[in-house]
Amino acid sequence: MTAPHGFSVSRYAPERGTLAKLAARDSVVRRLDWPILLSALALSFIGALLVWSATRGRTELNQGDPYYFLFRHLLNTGIGVALMIGTIWLGHRTLRGAVPVLYGLSIVLILAVLTPLGATINGAHAWIVVGGGFSLQPSEFVKITIILVMAMLLAAKVDAGDQIHPDHRTVAKALTLAALPMGIVMLMPDLGSVMVMAVIVLGVLLASGASNRWVLGLIGAGVGGAVLVTALGMLDEYQINRFAAFANPDLDPAGVGYNTNQARIAIGSGGLLGAGLFKGSQTTGQFVPEQQTDFVFTVAGEELGFVGAGLILLLLGVVLWRACRIARETTELYGTVVAAGIIAWFAFQSFENIGMTLGIMPVAGLPLPFVSYGGSSMFAVWVAIGLLQSIRVQRPMTA
């Protein structure tokens with residue numbers, strides 16, 4: 001059969017193929033979870049303003065360029081969004097087959113931290129200095145690896161229809177694979193990251209439908225492990241001092257309790273609407289240490305007040321709410337478990353970070369997702385958003 005003017009129908013096949021590809025791309029864009037994407041972007045841009053306010057006058061940090069941290073935070077956000085797009089393009093199901101490679105790579109990276117390649121920042125020997133002012137914190141990516149490797153094991157037989165719930169042998173394997181990187185991270189020591197990983201493991205187990213005995217046993221093991229670590233003196237002095245200051249804020253207000261006390265003053269002085277961006281006395285006076293990273297929420301509390309700080313909480317709440325919907329609506333256990341691990345990660349880390357600035361949680365050196373300055377953290381949370389979007393995009397269409 002020929003088309004008009006003597007052209008073969010096959011000449012039009014590439015055009016039809018192109019239209020099909022465009023239609024597929026349009027379908028992906030429409031099926032994205034836009035509330036979670038826009039909320040994450042808003043948090044990142046709010047974080048850029050807060051980081052800029054906290055660092056524009058810190059000449060000892062910004063190398064004389066008041067825009068230094070602002071541009072780098074925006075660059076980290078751009079790279080993170082690109083990683084999200086790449087993750088969506090690959091798909092969480094494709095990454096499922098690459099989990100063994102990713103797991104092995106993460107083990108290599110965290111072991112490298114314990115070699116001369118590792119660097120100590122803020123008391124934690126948890127970094128690899130790449131050069132040019134860039135550093136890498138492998139433990140941030142281990143959080144993703146733990147989620148993926150546990151989800152792969154726990155969901156394999158369930159998604160194949162061989163089991164209703166993961167059996168005890170499968171759960172034991174998953175916990176063993178999660179325990180290995182956690183143990184290495186503990187040696188750094190990076191107690192804050194280990195706390196997050198432990199909560200991730202708990203969230204993954206709960207979502208997988210594993211026996212409650214495993215969940216209760218894990219909680220008991222966590223409590224026992226904390227007692228054992230303290231008794232054996234495995235914590236560094238600065239970590240012990242942080243917990244002591246949390247238990248008694250008046251213990252050493254000019255020493256270990258200084259950070260928390262100054263953070264409370266900064267947040268308390270903000271009132272309802274705050275002093276205004278760049279006008280906070282605690283921030284401009286540089287009274288709060290690490291204000292661009294761990295204590296960035298104090299900038300929001302002082303300069304944007306209760307309204308600005310509440311907006312950050314609202315946006316984080318939207319991210320968690322939409323993630324819960326994604327976890328509930330997917331038809332495969334693998335997607336549910338991955339989403340649940342991310343929810344546990346974001347929820348606990350946000351609570352811990354904000355809680356330590358308010359004095360209701362001990363100082364653990366954890367960044368506020370999307371808001372705090374830091375490349376490794378920013379890249380990891382955007383990859384997590386990519387996984388959530390992939391789960392939503394690739395779920396079967398409902399009638």
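Where a number appears in this text, it was derived from the coordinates with a stated rule and is not lab data. This structure is a prediction, so every number in the text was calculated from the model and none was measured.
Some values worked out for this structure:
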{"quantity": "Relative contact order computed over region 331-376 (Cα-Cα under 8 Å; 6+ residues apart), in percent", "calculated": "28"}
{"quantity": "Backbone HN-Hα couplings from phi across region 203-215 [Karplus 6.51/-1.76/1.60, Hz, Gly and Pro as x]", "calculated": "x, 5, 4, 4, 6, 6, x, 5, 4, 4, 4, 5, 5"}
{"quantity": "Residues with amide H under 5 Å from that of SER269, placed H, sequence gap 5 or more", "calculated": "none"}
{"quantity": "Whole-angstrom gap from region 28-81 to region 142-173, using each part's C-alpha centre", "calculated": "35"}
{"quantity": "Whole-number percent relative contact order across region 255-399, with pairs defined as alpha carbons under 8 Å at least 6 apart", "calculated": "24"}
